[in-house]
1. Fewest first, what order do 173, 103 take by the number of other Cβ atoms within 10 Å?
2. In degrees between 0 and 90, to the nearest 10, how far off the longest principal axis of the chain does helix 218-229 point, with axes built from Cα atoms?
3. Quick check: the angle from helix 69-83's long axis to the longest principal axis of the chain, C-alpha only, nearest 10 degrees?
4. Once both axes come from the Cα atoms, what is the angle between helix 45-55 and the longest principal axis of the chain, in degrees from 0 to 90, rounded to 10?
5. Quick check: the distance between the Cα centres of the range 93-108 and the range 1-44, to the nearest angstrom?
6. Hey, with R₀ at 35 Å, roughly what FRET efficiency would residue 249 and residue 70 work out to, going by the Cβ-Cβ distance, to 0.05?
7. Under the classification rounded if a/c is under 1.5, otherwise prolate if a/b is larger than b/c and oblate if not, where does the range 15-92 fall, given a ≥ b ≥ c as square roots of the Cα gyration tensor eigenvalues?
8. To the nearest 0.05, what FRET efficiency results for residue 53 and residue 80 with a Förster distance of 35 Å applied to their C-beta separation?
């Protein structure tokens, strides 16, 4: 069976760990040549090299602060100079700085909006220019069910992810006539290093609100990203795909 991303050049932000790492690994196994952005290189990069070898593509780490306009533009242009194109972009970079709104500092508000939302704008703008010229491409933005449902103690995070959803739908309308698709993924409770900080009792309580009765894995989100970046979803744009076990049903 043919690899779903064979011959495609893919960019993944926040690709060194967690969901991003799983996306990079799956894209490599499916034949993609992947450039992943992060401030530090992934742990155990040999695993990525092995995945690239198995899929027939290549992998390269790009040190980039995705909140820095100049750094983003230079990174994207360097990829175009090396690979000649960008077929798929996954804006996955994100952070949390939780707290009740009355105690939240402006710094914590700005940091989350800048990393989760503004970075998606900066990277998408830089990459979309080339996709439009090629009249082809897929952009996937990482939202969250929190951006749909809201969540106490996460006003900054929820606002950023709701913004990602609005940004996704609006950008999809702007570029669809040029053959570029834009979609979002809204993960629910996914087991990552970030979620490991939640007490076990709280995790069990959260599971009660998930119809499938289990928390998600990074691989669940990666599979959705693969679908949206591959030709399997060639007639899908402007959508928000929830990967949440029914949590936000």
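We did not get these values from a lab; they are worked out from the coordinates using the rules stated. Nothing here was measured: the structure is a model prediction, and the numbers come from that model. Here the Cβ is made from the backbone with ideal geometry for all residues, glycine too, and neighbour counts use every protein chain on show.
1. The order, fewest Cβ neighbours first, is 103, 173.
2. 40
3. In the chain, helix 69-83 runs at an angle near 40 degrees to the longest axis.
4. 50
5. Between the Cα centres of the range 93-108 and the range 1-44 lies a distance of 29 Å.
6. Computed FRET efficiency for residue 249 and residue 70: 0.25.
7. Taking the square roots of the gyration eigenvalues as a ≥ b ≥ c, the range 15-92 is oblate.
8. Efficiency at R0 = 35 Å is approximately 0.90.
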